[in-house]
Amino acid sequence: MSRKVLLTGFEPFGPHLVNPSELLVRSLEGRIVGGCVIGVRVLPVETRTLQDRIETALREEQPEFVIGVGLAAGRAALGVERVAVNVLDFDIPDAVGTMRKNDPVQRGGPDGRLSTLPLSEIVAAWGEAGVPGYLSESAGTYLCNQWLYEALALTANAAPHVLVGFVHLPALPAQAVQLGADRTPSMTLDLMRRGLETAIETIALLLDTKPAPQRPGDKLWFPRGLREVER
Ligand code: PCA
């Protein structure tokens, strides 16, 4: 049986007319990579609906792992994020005008949540594949950080286990031209795709060799996210 992976990208936001994360995940929709069938969602950059959209996608797809992808214009390479912080502090409003300053993602939640992807293995695999990529220590305090925090909260007690992580992308070459080539590093969509495929293959291989421990009787998707806790 093939594994299932969920990839999410984001719609364009702020000054950006395109979002490479949307183009990237759409280009992989329905494909099989590393024996994994890829399900895809593209999410609007809306803070109030983000948690619901992630939860719905997880319920519908029931993936073994999920990778969120977003644009971080100005970054020089792919960055797999180590941690999400319990902070929302926007520089610009979201796509529907909501601003959040010094707000928690989850009131009373832990200060940080750590990605459950095999981070060092992914970075090593990028190196071997010739894809520039690194381990990033901050996903920021905007929607991508919120995505990682919410997805980790929603899956914290999920059975079977779901691995969760986030990859930030640099700008596309055409965006670098628009934003100022002297100050905007860029990467082609093809190279980004090779990077994401490499990450998926690495995670799938790891799951093959080290399957997540299953607790007896754990058969169903069982989200115990923050809303379940609050109920
Ligand atoms: N990047 C933003 C949100 C959506 C996206 O693609 C971020 O880095 O938070």
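The values are calculated or read from the model by the stated rules, or taken from the named source; none is laboratory data. These numbers come from a predicted model, not from an experiment. Heads up, the Cβs are rebuilt from the backbone with ideal geometry, glycines too, and the neighbour counts pull from every protein chain shown. SASA here: full protein model, heavy atoms, side chains in, ligands and nucleic acids out. Shrake-Rupley method; radii C 1.70, N 1.55, O 1.52, S 1.80 Å.
Observations
- Dipole magnitude of the chain about its Cα centre (Cβ charges: Lys, Arg +1; Asp, Glu -1), debye to nearest 20: 340 debye
- Alpha-carbon centroids, the range 183-213 and the range 106-147: separation in whole Å: 12 Å
- Using the average count of surrounding beta-carbon atoms within 10 Å as a protection proxy, the listed peptides 169-177, 95-103 rank, highest first, as 169-177, 95-103.
- Cα shape, the range 1-81, gyration tensor, a/c 1.5 rule: oblate
- For S136, residues with placed amide H under 5 Å, excluding near neighbours: V80, E81, R82
- Span-rule helices in the chain, defined as complete DSSP H runs reaching 24 Å or more along the axis (Cα) with Kyte mean at least 0.0: 189-209
- Cα gyration tensor shape for the range 1-154, rounded if a/c is under 1.5, else prolate or oblate: rounded
- In this structure, the amide hydrogen of E11, modeled 1.01 Å from its nitrogen in the peptide plane, lies closer than 5 angstrom to those of L43, V45, counting only residues at least 5 positions away or on a different chain.
- Residue-averaged 222 nm ellipticity for the chain, from DSSP H runs of 4+ at -39500 (n - 2.57), nearest 500: -10500 deg cm²/dmol
- For the range 94-223: accessible area per residue (Å², 1.4 Å): 48 Å²
- Close amide H partners of Q106, meaning residues 5 or more places away or on another chain with modelled amide H under 5 Å apart, do not exist here.
- Whole-percent carbon and sulfur share, accessible surface of the chain, 1.4 Å: 54 percent
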